[in-house]
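Here the structure is laid out as structure tokens; the discussion comes afterwards.
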């Protein structure tokens, strides 16, 4: 996991060309150009993804892994080709290590239920951080309550960063699982995954990384990162929703019991006993999200077709610009200012609730997220009930930041 | 500015009119009722808004005191504040009728005249004030902000412990 970086000067990045690839960006909202600043919740989709999915439905659709007929064989080949694209994108050793799920939440629940059941005994410790999304908290609470394990929480610093020393104070001999975000969805903080992995493995525990926000902004090499599980969602990576990925080392997947039972995941079934298919099929009970997987594959093809290093530099530029310009708006307070952060910026405005801000901004065509961002424990730590959040993607521009700032000035007129 | 833009700005001005902003910034009865006979907690899981409604109802079914305390947006805080002003010294039966009228105003099912017609004439002035909340009808996702305090009050009067915007 290294931030995408060029060795030499970055080439010019033409965001206007990128924007043409995303049909929705041409539309208006409330009579104003759409300014979509909620990519951390879900990104918009390039034409290539929409076309690939339409083509699959119109020309090559049937159920997978079943039919002894050409169309089903073709659908299966396309579905498995998407798995290979994911494998290459994250540099997994084998496509068998790539499990398709319905999303990152599903993937974390899978690991918590299956690996948690295997590894956790009463008194064992699960280590989380204060900045986790609910989806990386609640599944662990469920398995904690079933196994008698205990949850420990690593605190954040005031700027939203987490120091490795804080992990060192909490991870210990009783730790069995460490589950952390790659990048915080509220603060944008990039976590020091390699160092956390090293600490985790020193005590023989396993590390799960919630990569929903990470894989969008950072180059991910699961082998180099040293984690044991990496999960992400398709819909935050310019792909469709209803598809997610669990990557895990093959020896872990082999040792883990199935999460759900059903068709496809079995080797043999009798009423006395059933046996399981090999990974990843063991974890893909029922008809999988076939076309969403193909759409995710197309999103990966799309990302591979652009200069991702330049795209990452562009996103950083937009973030830096936003941090400077937002700070100039009277009453605005930036939340999450860690040195190493991705293009997500939470903020509050003195005297205006984030929900009211979002309503006024919306009427200017500006879409921001307002609320607790599925991170209520983090809101408690920050001492706020909610924040507004602008998050940027490869198609975001400085001009959109200007539109946000203008809308915030209008919000001051309306609300204060 | 074109006609469309005018309409939108007007929508915002109606939603965030002076009365709403005033109650949102300086909510009345933002406290807990002493010797309350009932309490309920309201929760909007979408945005994390939370409030506690307490009331003291006497043997004759009159609301002697009612208050709402919590965190939320301008709409929910203003709605809670105006609710407590309107219903202090009202009967529980009237409170239920006012709830229904406000609900219909906020969802666009009633205008001010028909809301008034639903209630005793003694409530007419209060309904005119509460009608300020009907700006939310142009903002469907914000209707819950306006109605949360009212649902919480109904839970309170019904002897329930909590209310959520997701069940109603």
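I'd like to know if the range A:218-225 contains one or more residues that are surrounded by fewer than 24 Cβ atoms within 10 Å (Cβ to Cβ), touching a strand residue (DSSP E or B) at 6+ places or on another chain (Cβ under 9 Å) and at positive phi. No, the conditions are met nowhere in the range A:218-225. Counting only strands (runs of 3 or more DSSP E) that fall entirely inside the range B:23-86 and contain at least 2 residues that are within 13 Å of another protein chain (Cβ to nearest Cβ) and under 18 Å from residue B:160 (Cβ atoms), the qualifying elements are B:38-44, B:49-57. Restricting attention to the range B:1-22, and to residues there that are modelled with pLDDT of 95 or more and not in a helix (DSSP H, G or I), which single residue is farthest from the other protein chains (Cβ to nearest Cβ)? Going through the qualifying residues, I end up with B:17.
Evaluated against (1) more than 18 Å from the chain's Cα centre (by Cα); (2) within 20 Å of residue A:222 (Cβ to Cβ); (3) surrounded by 19 or more Cβ atoms within 10 Å (Cβ to Cβ), residue A:175 falls short on exactly one condition, (2).
Residues in the range A:380-413 that are without any contact (Cβ under 8 Å) to a residue 40 or more places away in the chain and buried (at least 19 other Cβ atoms within 10 Å of the Cβ): A:385, A:386.
Taking the range B:110-144 as the range and being crowded, with 20+ Cβ neighbours inside 10 Å and assigned to a loop (DSSP other than H, G, I, E, B) as the test, only B:110 passes. Condition check for residue B:89 on (1) on the phi > 0 side of the Ramachandran plot; (2) within 14 Å of another protein chain (Cβ to nearest Cβ): one failure, at (2).
Please verify whether the range A:168-179 includes one or more residues that are touching a residue at least 60 places away in the same chain (Cβ under 8 Å) and not in a loop (DSSP other than H, G, I, E, B). The answer is yes; a qualifying residue exists. Here residue B:155 clears all of (1) more than 10 Å from the chain's Cα centre (by Cα); (2) closer than 15 Å to residue B:86 by Cα; (3) buried (at least 18 other Cβ atoms within 10 Å of the Cβ) except the condition numbered (2). None of B:148, B:157, B:130 is within 14 Å of chain A (Cβ to nearest Cβ) and under 21 Å from residue B:31 (Cα atoms) except B:148.
In the range A:359-369, the residue that is farthest from residue A:104 (Cα to Cα) out of those that are within 9 Å of chain B (Cβ to nearest Cβ) and not in a loop (DSSP other than H, G, I, E, B) is A:360. Scoring residue A:249 on the criteria (1) more than 22 Å from residue A:213 (Cα to Cα); (2) surrounded by fewer than 20 Cβ atoms within 10 Å (Cβ to Cβ); (3) out of contact with any strand residue (DSSP E or B) (no Cβ under 7 Å at 6 or more places or on another chain); (4) in contact (Cβ under 8 Å) with a residue 60 or more places away in the chain leaves a single failure, condition (1).
The selection criterion, being outside any loop (DSSP other than H, G, I, E, B), at pLDDT 95 or above and farther than 22 Å from residue A:112 by Cβ, does not hold for residue A:267.
Here's the yes/no breakdown for (1) farther than 21 Å from residue A:250 by Cα; (2) more than 20 Å from the chain's Cα centre (by Cα):
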site: A:53; (1), (2): yes, yes
site: A:70; (1), (2): yes, yes
site: A:79; (1), (2): no, yes
site: A:82; (1), (2): no, no
site: A:88; (1), (2): no, no
site: A:91; (1), (2): no, no
site: A:97; (1), (2): no, no
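Filtering B:36, B:68, B:30 for residues that are crowded, with 22+ Cβ neighbours inside 10 Å and either under 16 Å from the mean Cα position of the chain (by Cα) or modelled with pLDDT of 95 or more (or both) leaves a single hit, B:68. Check whether at least one residue in the range A:144-151 is surrounded by 22 or more Cβ atoms within 10 Å (Cβ to Cβ) and not in a loop (DSSP other than H, G, I, E, B), and report yes or no. No: zero hits.
Look at (1) assigned to a helix (DSSP H, G or I); (2) buried (at least 20 other Cβ atoms within 10 Å of the Cβ); (3) in contact (Cβ under 8 Å) with a residue 24 or more places away in the chain and you find that residue A:316 fails only one, number (2).
Taking the range A:226-236 as the range and being touching a residue at least 40 places away in the same chain (Cβ under 8 Å) and touching a strand residue (DSSP E or B) at 6+ places or on another chain (Cβ under 9 Å) as the test, the residues that pass are A:229, A:230, A:231, A:232, A:233, A:234, A:235. Taken together, the criteria exclude residue A:372 from residues that are in contact (Cβ under 8 Å) with a residue 60 or more places away in the chain and farther than 25 Å from residue A:311 by Cβ. Looking only at residues of the range A:43-72 that are loosely packed, with under 14 Cβ neighbours inside 10 Å and touching a residue at least 40 places away in the same chain (Cβ under 8 Å), we find that the one that is nearest to residue A:296 (Cα to Cα) is A:51.
Residue-wise test of (1) facing another protein chain (nearest Cβ under 10 Å); (2) under 23 Å from residue B:46 (Cα atoms).
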residue	(1), (2)
A:324	no, no
A:334	no, yes
A:340	no, no
A:343	no, no
A:352	yes, yes
A:371	yes, yes
A:382	no, yes
A:390	no, yes
A:397	no, no
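The values are calculated or read from the model by the stated rules, or taken from the named source; none is laboratory data. Every value quoted in this text rests on a predicted model; they were computed, and no experiment measured them. All Cβ positions, even for glycine, are placed from backbone atoms using ideal geometry, and neighbour counts span all protein chains on display.
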